[in-house]
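Inspection log for the structure reproduced underneath, given as structure tokens.
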Amino acid sequence: MKLTTIERKRYRIRKKLKKVSNDRYRLSISRSSKNISAQIIDDTKNITLVSASSIDKEIKATKKNKSELSTIVAEILAKKANEKNIKKVYFDRGIFKYHGRVKLFADTLRKNGMEF
């Protein structure tokens, strides 16, 4: 099976992250041209613990620009994670560069008490 460039990049980044930290959950982020979503995943049990997205009805109704949406989603995700006592995660940016909305998302999470 031949992998595309994007798939190779995704697997390469995820493999490096899994080597570094085994005791933390993975915070996976994905973004499109209009929306952003993130979820905290327990890789040992293969389940999603917490998720947040800009597609949710209460967020979608606010009519914000894309960078404001990413900060709102990050605040909601941090709030849900604090309720479940999740403080330390490792940041899986996937195929996206740590720049722009992804960086803004990560900085907002750090301000709200998450460590990675």
Q. Between their Cα atoms, which of LYS9/LYS60; LYS19/LYS84; LYS63/LYS88; LYS19/LYS111 are more than 28 Å away from each other?
A. LYS9/LYS60; LYS63/LYS88
Q) If you average the sequence gap of Cα pairs under 8 Å that are 6 or more apart and divide by the length of the stretch 5-111, what percent do you get for the contact order? A) 32
Q) For the chain, modelled as a Gaussian network with Cα springs under 10 Å, which listed residue fluctuates most, SER51, SER33, SER67? A) SER33
Q. What shape does the stretch 67-116 take by its C-alpha gyration tensor, where a ≥ b ≥ c are the square roots of the eigenvalues and a/c under 1.5 counts as rounded, a/b above b/c as prolate, and the rest as oblate?
A. oblate
Q: Rank VAL20, VAL73, VAL89 by mean-square fluctuation in a GNM of the chain with C-alpha springs under 10 angstrom and give only the top-ranked residue.
A: VAL20
Q. Picking from THR4, TYR98, ALA52, whose Cα lies most toward the positive end of the charge dipole for the stretch 1-109 (charges on Cβ: Lys, Arg +1; Asp, Glu -1)?
A. THR4
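Could you work out the helix-only [θ] at 222 nm for the chain, with each DSSP H run of four or more residues adding -39,500 (n - 2.57) and the total divided by the number of residues, to the nearest 500 deg cm²/dmol?
The helix contribution divided over the chain gives -13000 deg cm²/dmol.
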Q | Within the chain: Cβ-based charge dipole about Cα centre, in debye rounded to nearest 20 (Lys, Arg +1; Asp, Glu -1) | A | 580
Q: Give the peptides 40-47, 105-112, 2-9, 53-60 in descending order of average Cβ contacts within 10 Å, highest first.
A: 105-112, 53-60, 40-47, 2-9
(Q) One quarter of the convex hull surface, Cα atoms only: what value does that give for the stretch 5-111 in nm²? (A) 7.0
Q: For the chain, with a Gaussian network of springs between Cα atoms less than 10 Å apart, report the residue from LYS66, LYS19, LYS88 with the top mean-square fluctuation.
A: LYS19
Q: Can you work out the PRE-style zone for LEU3? Point 7 Å along Cα to Cβ, and I want the residues of the stretch 56-93 with backbone N under 16 Å.
A: 93
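Readers should treat all values here as calculations from the given coordinates under stated rules, not as data from a laboratory. Values in this document were obtained by computation on a predicted structure and should not be read as measured data. Heads up, the Cβs are rebuilt from the backbone with ideal geometry, glycines too, and the neighbour counts pull from every protein chain shown.
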